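Participant: Could you have a look at this structure, given as structure tokens, before my questions?
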Amino acid sequence: MSATILDGKAVAAQLLRDVGTRVQAAKARGVEATLAVILVGDDPASAVYVRNKERRAAEVGIATRDHRLPASTTAASLHALVRELDDDRGVDGILVQLPLPAGIPSEPVLLAVDPAKDVDGFHPDNLGRLMIGKPRFVACTPAGCMRLLAHAGATLAGARALVIGRSTIVGRPMAQLLLQADATVVQAHSRTRDLRAEVERADIVVAAVGRAELVRGEWIKPGAIVIDVGTNRTAEGRLVGDVDFAGALSRAAAITPVPGGVGPMTIACLLDNVALAAERRAGLVA
Ligand code: NAP
């Protein structure tokens, strides 16, 4: 058996077409979907991420407001900018690109973002709403993983789903979403005693760790669906996931590649959230 490779670029392109249509509908009501992007400092990787997000936003008709601040920016002036954007009725979403420079703790900044404009879904208010099954915005990467699982035709109800990683931006919301889809969820982390045994039992594996090829192909249960969130650079500069892709191919029913799997979905789901915020401002959805 050779796994179906889940093409995140194609699934993202489909979602972005829908986002574009909804953005136009909001525009027809006089609302221009607008994302404010804050980038502090000169981390080259962050600059690339921001450029990609802004380029994709432009492609679907979402306006962006670019706020580039020097690394010497103080926490106080960053907070003042966030508050200003919170109060700006023309802004639907606020994205604070992480990581912030050392010296600016990220948590108070993320808390300062109005939860109604928190299109990343990182605010505790939004995480809490997800927990009670009434989400306002779902964190983009887990939302993208759920879409990929749907695209793979995964039956989640009753399935044994393993989420490896418990960060608040990926692992935890991912486990919640799977639980709400009636999967039986196990959440693994660095203190999990026997990761191999957990993987061997799982019908669905979502790996969000950040360790190159930690999950060996021979651990994968035949017929399992594998979503690889990890992005890791090897010593040779190759981008690889948390799962041994070549090894898993002959066992899994479906698997996401790295790159080209979860990554494109994350950006598409961010823009989906911006469209949703604009639709709310336009009175098109609750
Ligand atoms: P993170 O905050 O560093 O969390 C990593 C998690 O992995 C932690 O919960 C940690 O456990 C767990 N872990 C570490 N070593 C482990 C081991 N040996 N066995 C099992 N679990 C282990 O990372 P993150 O922000 O969630 O991101 C995870 C990965 O996804 C990274 O590679 C990141 O680059 C990637 N990512 C990709 C996208 C995308 O769009 N493609 C988006 C976001 C993140 P403890 O909690 O016990 O420390």
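The values are calculated or read from the model by the stated rules, or taken from the named source; none is laboratory data. Bear in mind that the values here come from a model prediction, so they are computed numbers and not experimental data. Positions of Cβ are backbone-derived with ideal geometry, glycine not excepted, and every protein chain shown enters the neighbour counts. Note: accessible area is taken over every heavy atom of the protein model, side chains too, but ligands, DNA and RNA are not part of it. Shrake-Rupley method; radii C 1.70, N 1.55, O 1.52, S 1.80 Å.
Participant: Please determine, in degrees from 0 to 90 and to the nearest 10, the orientation of helix 171-180 with respect to the longest principal axis defined by the Cα atoms of the chain, where the helix direction is its Cα long axis.
Facilitator: Helix 171-180 and the main axis of the chain meet at about 80 degrees.
Participant: Here's another thing I want to ask about it. For the stretch 72-213, report the convex hull volume of the alpha-carbon atoms normalised per residue, in Å³, without decimals.
Facilitator: Cα-based convex hull of the stretch 72-213, divided per residue, equals 133 Å³.
Participant: Ignoring trypsin sites (Lys or Arg not before Pro) that are buried or in helix or strand per DSSP, and keeping those with at most 11 other beta carbon atoms within 10 Å, what is the longest stretch of the chain between them?
Facilitator: 90-190
Participant: Counting only protein heavy atoms and using a 1.4 Å probe, what share of the accessible area of the chain belongs to carbon plus sulfur, as a whole percent?
Facilitator: Here carbon and sulfur together make up 52 percent of the probe-accessible area.
Participant: Have a look at the DSSP beta bridges in the chain and tell me what percent are antiparallel, nearest 5.
Facilitator: Among the beta bridges of the chain, antiparallel pairing accounts for roughly 5 percent.
Participant: To continue, here is another question. In nm², what is the average projected area of the convex hull enclosing the Cα atoms of the stretch 1-82?
Facilitator: 8.0
Participant: State the number of lysine pairs found in the chain whose Cα atoms come within less than 30 Å, restricting to pairs 8 or more positions apart or on distinct chains.
Facilitator: Close lysine pairs found across the chain: 11.
Participant: Give me the 1.4 Å probe accessible area per residue for the chain, excluding ligands and nucleic acids, in Å².
Facilitator: That works out to 46 Å² for each residue.
Participant: In square nanometres and to one decimal, what's the mean projected area of the convex hull around the Cα atoms of the stretch 140-263?
Facilitator: 6.8
Participant: In degrees between 0 and 90, to the nearest 10, how far off the longest principal axis of the chain does helix 44-59 point, with axes built from Cα atoms?
Facilitator: 70
Participant: Could I ask something else about it? Limiting things to C-alpha atoms, what are the Rg and the maximum Cα-Cα separation (Dmax) for the chain, in angstroms?
Facilitator: Over the chain's Cα set, Rg and Dmax evaluate to 19.0, 57 Å.
Participant: How high is the relative contact order of the chain, in percent, counting Cα pairs under 8 Å that sit 6 or more residues apart?
Facilitator: 24
Participant: Between 0 and 90 degrees, rounded to the nearest ten: what's the tilt of helix 262-281 against the longest Cα principal axis of the chain?
Facilitator: With rounding to tens, the tilt is 40 degrees.
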